[in-house]
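The values are calculated or read from the model by the stated rules, or taken from the named source; none is laboratory data. Because the structure is predicted, anything quoted here is derived from the model rather than measured. Here the Cβ is made from the backbone with ideal geometry for all residues, glycine too, and neighbour counts use every protein chain on show.
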Amino acid sequence: MTESQAGRMRAWMLVPYVSWCALGYAFLLGSDLLYLWHVPLHALTVLLVWKPKLLLPRKAKATTVHFLLVGVAYSAFIGQPLAVLGRGDLHPNLVLNGVLWIGSFAGVYLAWLWLLPRYRWSSAAIFALSGLLALFDHSLALWRMLANRDVVGLLVLAPVLHAVYAGLTAPVLLAYRERLSRNSAQPGLVGVVAGTLLPGLLFRLGSVWIWLASQVIHLAR
């Protein structure tokens, strides 16, 4: 299969994915219009995927430190407030809420700091794997629905959570992919498994920061 054929196939695969997301949002918006907060999140994702240079330094070299700082700042303080519908899921103050999310997103970007140089990741693979962070969401919502056999809830929420988590991290990964890549090898099954598990596990491990930062915020009152 040529590169152009693969590109056309990926484009066609977007149709069922976008349709599934649209159906999920149709159900959610029918019960709560606050999900309109996700509109600017997804619009921002499209903009940054189209113009990735907006996330890159203009006059300095894009270093790994820059990648980590930009990634965490974007995910915790720009994307996350939109993802949680402007209400704050860990703290009512959105700035402090972002502070509490720093550890988890730092874990994700540390994982990709190891993954990006080792394989030649396509845009589709990065977007798909970024969205799989939904499987490691702190609420474990998808797993609880599966355990409760809530098929309708699972079908509604799965595409929405995937799109949201992809929007939280994929723009930064795509922006820095070329700068950090050092290998032309395709990820294959091993790379895909690593790209699913490593960011997810470090995302969960990074949640230890939530407890530590909560103690500091409590003492500062």
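Note on segment 119-221: enclosed helices (runs of 4 or more DSSP H) holding 3 or more residues that are of a type outside the set (A, V, I, L, M, F, W, C) and modelled with pLDDT of 90 or more are 123-131, 151-180, 188-205. Return the pairs, sorted by first residue and then second, in which the second residue is at pLDDT 60 or above and part of a helix (DSSP H, G or I), the first residue lies in segment 1-24 and is at negative phi, the beta carbons are less than 6 Å apart, and the residues are 6+ apart or on different chains. From residues that are at negative phi, the pairs are 10/124; 20/159; 21/159; 21/163; 24/156; 24/159; 24/160.
Just so you know, in segment 117-126 the residues that are crowded, with 17+ Cβ neighbours inside 10 Å and within 15 Å of the chain's Cα centre (by Cα) include one that is nearest to residue 79 (Cα to Cα), and it is 126. Kindly evaluate residue 99 against the criterion of being under 21 Å from residue 32 (Cβ atoms), among the aliphatic types (A, V, I, L, M) and more than 13 Å from the chain's Cα centre (by Cα). In short, no. Checked against (1) in a loop (DSSP other than H, G, I, E, B); (2) of a type outside the set (Lys, Arg); (3) loosely packed, with under 15 Cβ neighbours inside 10 Å, residue 88 passes all but a single condition, namely (3). Filtered by the rule that a residue be part of a helix (DSSP H, G or I) and surrounded by fewer than 17 Cβ atoms within 10 Å (Cβ to Cβ), segment 50-60 gives 50, 53, 54.
Being crowded, with 21+ Cβ neighbours inside 10 Å, touching a residue at least 12 places away in the same chain (Cβ under 8 Å), assigned to a helix (DSSP H, G or I) and of a type outside the set (Ser, Thr, Tyr) is a description that does not apply to residue 77.
Say whether the condition of being crowded, with 18+ Cβ neighbours inside 10 Å and under 22 Å from residue 17 (Cα atoms) is met by at least one residue in segment 206-214. No: segment 206-214 contains no residue that is crowded, with 18+ Cβ neighbours inside 10 Å and under 22 Å from residue 17 (Cα atoms).
A Cβ distance below 8 Å, combined with a sequence gap of six or more or placement on separate chains, defines the contacts here; from segment 152-168, residues that are within 14 Å of residue 37 (Cα to Cα) reach residues that are β-branched (Val, Ile, Thr) in the pairs 167/45.
Filtered by the rule that a residue be within 11 Å of residue 100 (Cβ to Cβ) and out of contact with any helix residue (DSSP H, G or I) (no Cβ under 8 Å at 6 or more places or on another chain), segment 191-211 gives a lone residue, 211.
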